[in-house]
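The values are calculated or read from the model by the stated rules, or taken from the named source; none is laboratory data. Owing to the predicted nature of the structure, the values given are computational and were not obtained by experimental measurement. Neighbour counts run over all protein chains shown; Cβ positions are idealised from the backbone, glycine included. With ligands, DNA and RNA removed, areas are computed over all heavy atoms of the protein, side chains included. Shrake-Rupley method; radii C 1.70, N 1.55, O 1.52, S 1.80 Å.
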Amino acid sequence: MPSEKPGIAISEGCKLQSGISSYFLRFSGIMRSHYCGQLRAEHIGQTVTLCGWVDRRRDHGGVIFIDLRDRAGIVQIVSDPERTPGSYNQAESLRNEYVVKITGRVSQRPPESLNPKLPTGEVEIYADAIEILNAVRRQLPFQVSSAETENVREELRLKYRYLDLRRERMAKNLQMRHRLMQEMRRYLEDVEGFMEVETPILTKSTPEGARDYLVPSRVNPGEWYALPQSPQLFKQILMIAGCDRYYQIARCFRDEDLRAERQPEFTQLDMEMSFMERDEILDLNEGLACHLLKTLKGVDLPRPFPRLTYAEAMDRYGSDKPDTRFGLELVDVSDVVQDMGFKVFSEAVAKGGIVKILPIPLGNEAISNVRIKPGGDLFKEATEAGAKGLAYIRVRENGEIDTIGAIKDNLSEAQKQEILQRTGAVPGHLLLFGAGDRATVNKTLDRLRQFLGRELGLIDTSKIHLLWVVDFPMFEWNAEEKCLEAAHNPFSAPHPEDLADLKTARSLAYDLVFNGYEAAGGSVRIHQPELQAQVFDLIGLSESEAQDKFGFFLEAFEYGAPPHGGIAYGLDRWVMLLTGEESIRDAIAFPKTQQARCLLTGAPSGVEPSQLKELRVVSTEKPGKKGATGG
């Protein structure tokens, strides 16, 4: 174990940096000598001074036991009127979450009271002195103790986040976040030779797909800054500047509707590299990902990671971020049913759509017809994804099928046998059909695949699957705006084989998928100004608009831009996945709600009219309305 001065020992599952306690230990009159979670049998006989919060207090027939908690863990304190009379009166007065300083001797726990669940479970401290540093003056809104299993409403947790962060679950999440960033930095700098460079927070508004957060300029009246949606342009300019290998743990801001895995402000590991081909970039990032999972989770992943093209992922899973920990792959039967009399299928194909099947394996009689029909939960899942309904086939003994009459009456024996062969269906299988436009069918069956994968216990939650999805289309058609838009971003380079027609080209973009979540995404970039201008033109930016928004960027390309590419990791999402949480709000110290509000501080809030006047901004919101600025 490392020496305890000037650093502290590192307890299992809680790796504290050696310099944390040096501030307290550099003076003779120390505030504390150890962290609670670092005490072990080797400390028996030593006198220690600890500081922390009372996790629990228990009175066992005159002997008082206190669980003392700090960020490193919990240790048991004992106050006995005979052995430690100097601390007993104070021990009686302690309550949960009091802040205390305790000095005492580390002792061996009796055999009958050993606690193998705690790293400190072999020892206890007999308190010679207890000093109350601060009391709790209000009733706790919820119990904080590590022994408490109360399921607290999220709104309450966010309002009293400082209490929530003391709880074991959230404390561990923050420690995981710290270690993740620490290991990212160590690997990129020490192994791969990257340099950390900070890029501006106050910058120019440029179209990047989401709404900008805007900041008025007081010294330049009528002009505005934007908070960065990503450091995209600056990191590419850093490549032009010769930085070669850049990284940054960057704060990013997007004014968009929120979901469980989205926040208006978020953190990403941002990287950019010069003079590297796509495969070299993927190989470097596989090394980083393997290092993170090995050091943080003890998981060894085989390399190279599997790769799927975008087309393959959509065809087999209906998603560009498939969870490959389980099967239930989709089967396209458009060619089989295109001429059948069941118009739902034949008309879908005739209109350029598709018909696909989600095969559910043996023994699924529990999925009743009621669940598939209107009013059922599977029907609801399908319609919420945009489908009008669900068709199905049940495979019975001797290859007989049970289905709605319209399908059975119009399905020839040859078509039936082809469907059974393609899906691998045998007696007991349930086949769920999606029919319609390609996007809706894929979205519907992907949603049902995930829903049933969880319900049927097909997902091994102990597994970690990482894979690359590559060869995304460069552009997508925006039906509402009736124009092309960049599928990833307008800076992604086209596939060299597709330069003849950029409208249908694949891009050199890539996503790293972690158990069904997009964990990182990037691309090889365009580095020729002529090609970049051509892409801007295809997405509807006129030459004057491109110059207004990106003139500084295009000009930089005129001075010798190297081939380069990059990637960004969603750091909040990585923490969520590594800790097994379902929301990134539990991976962030002070998150916003789905209404983009901070319940702790009350932000956003009104401001003084004088502040708006100074900025030459007038609010159009009616005074008195919730959220109004009052100006």
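Over all other residues within a Cβ to Cβ distance under 13 Å of Gln594, the charged ones net out to 0, with Lys and Arg as +1 and Asp and Glu as -1. Charge tally around Leu308: other residues with Cβ under 12 Å, Lys/Arg +1 each, Asp/Glu -1 each, net -3. For Glu582, the shell of other residues with beta-carbons less than 15 Å away shows a net charge of +1, using +1 for Lys and Arg and -1 for Asp and Glu. Annotation: extensible slack from Ala603 through Arg83 equals 182.0 nm (criterion: 0.36 nm per residue apart, minus Cα-Cα distance). Here's the list of lysines a cross-link from Lys613 could span, going by alpha-carbon distance under 22 Å and ignoring same-chain residues fewer than 8 apart: Lys622, Lys625, Lys626. Each peptide among 520-529, 506-515 gets the average number of other Cβ atoms lying within 10 Å of its residues, and from highest to lowest they stand as 506-515, 520-529.
Size of segment 372-432: Rg and Dmax of its alpha carbons, in Å, are 12.6, 36. A convex hull fitted around the alpha carbon atoms of segment 408-454 yields 102 Å³ per residue.
Leaving out ligands and nucleic acids, and using a 1.4 Å probe, what accessible area per residue does the chain come to in Å²?
Value returned for the chain: 49 Å² of accessible area per residue.
Normalised by the number of residues in the chain, the average gap of Cα pairs under 8 Å and 6 or more apart makes the relative contact order 12 percent. A straight chain from Glu545 to Gln417 at 0.36 nm per residue would run longer than the Cα-Cα distance by 40.4 nm. Along its first, second and third principal axes, ordered by size, segment 282-420 spans 58, 34, 33 Å in Cα coordinates. Scalar couplings 3J(HN,Hα) for segment 340-345, obtained by applying the Karplus form with A = 6.51, B = -1.76, C = 1.60 to θ = phi - 60°, are 7, x, 7, 5, 4, 7 Hz; x denotes Gly and Pro. For segment 521-631, a/c is not less than 1.5, where a ≥ b ≥ c are the root eigenvalues of the C-alpha gyration tensor, and a/b does not top b/c. That puts it in the oblate class.
Sorted from greatest to least, the principal axis extents spanned by the alpha carbons of segment 460-540 come out as 48, 30, 18 Å. Segment Ala311..Asp59, full-extension length gain: 84.2 nm, with 0.36 nm per residue of separation and the alpha-carbon distance subtracted.
Residue pairs exceeding 26 angstrom between C-alpha atoms, taken from Lys380/Lys408; Lys443/Lys592; Lys549/Lys592; Lys351/Lys443; Lys101/Lys592: Lys443/Lys592; Lys549/Lys592; Lys101/Lys592. Note on segment 83-146 and segment 491-524: Cα centroid distance 57 Å, given to the nearest whole angstrom.
Packing order of peptides 114-120, 397-403, 216-222, 334-340, highest average first: 334-340, 114-120, 397-403, 216-222 (average count of other Cβ atoms within 10 Å over each peptide's residues). A simple rule links phi to the HN-Hα coupling: the Karplus curve 6.51 cos²θ - 1.76 cosθ + 1.60 with θ = phi - 60°, which for segment 305-312 gives 5, x, 10, 10, 6, 4, 4, 5 Hz, with x for Gly and Pro. Model label sites at Glu150 and Lys503, defined 7 Å from Cα along the beta-carbon direction, differ in position by 6.3 nm.
Counting only DSSP beta bridges with both residues in the chain, what percent are antiparallel, rounded to the nearest 5? Expressed as a percentage, antiparallel bridges in the chain total about 90. Considering helices alone, the calculated mean residue ellipticity of the chain at 222 nm is -8000 deg cm²/dmol, with DSSP H runs of length four and up weighted by -39500 (n - 2.57) and normalised per residue.
Please report how far the C-alpha centroid of segment 151-170 lies from that of segment 566-588, rounded to the nearest whole angstrom. For segment 151-170 versus segment 566-588, the Cα centre distance is 18 Å. Each part gets one Cα centre, and for segment 57-77 versus segment 371-406 those centres are 57 Å apart. Can you tell me what percent of all Cα-Cα pairs in segment 497-549 are more than 16 Å apart? Of all Cα-Cα pairs in segment 497-549, 56 percent lie more than 16 Å apart. In terms of the mean number of neighbouring beta-carbon atoms within 10 Å, the peptides 303-312, 172-181 order highest first as 172-181, 303-312.
Working note: Cα atoms of segment 235-355, range along each principal axis, descending, whole Å: 63, 38, 32. Residues of segment 228-267 falling in the label zone of Ser217, defined by backbone nitrogen less than 17 Å from a point 7 Å along Cα to beta-carbon, are 228. Applied to segment 481-496, the Karplus parametrisation 6.51 cos²θ - 1.76 cosθ + 1.60 on θ = phi - 60° returns per-residue 3J(HN,Hα) values of 8, 6, 7, 7, 9, 5, 5, 9, 8, x, 9, 6, 7, x, 4, x Hz, with x for Gly and Pro. For a paramagnetic label modelled at 7 Å from the Cα of Ile404 toward its Cβ, which residues of segment 427-450 fall within the zone defined by backbone nitrogen distances under 16 Å? Inside the label zone: 431-437, 441, 445. Nonpolar atom fraction for the chain, defined as the carbon and sulfur part of the 1.4 Å probe accessible area, stands at 49 percent.
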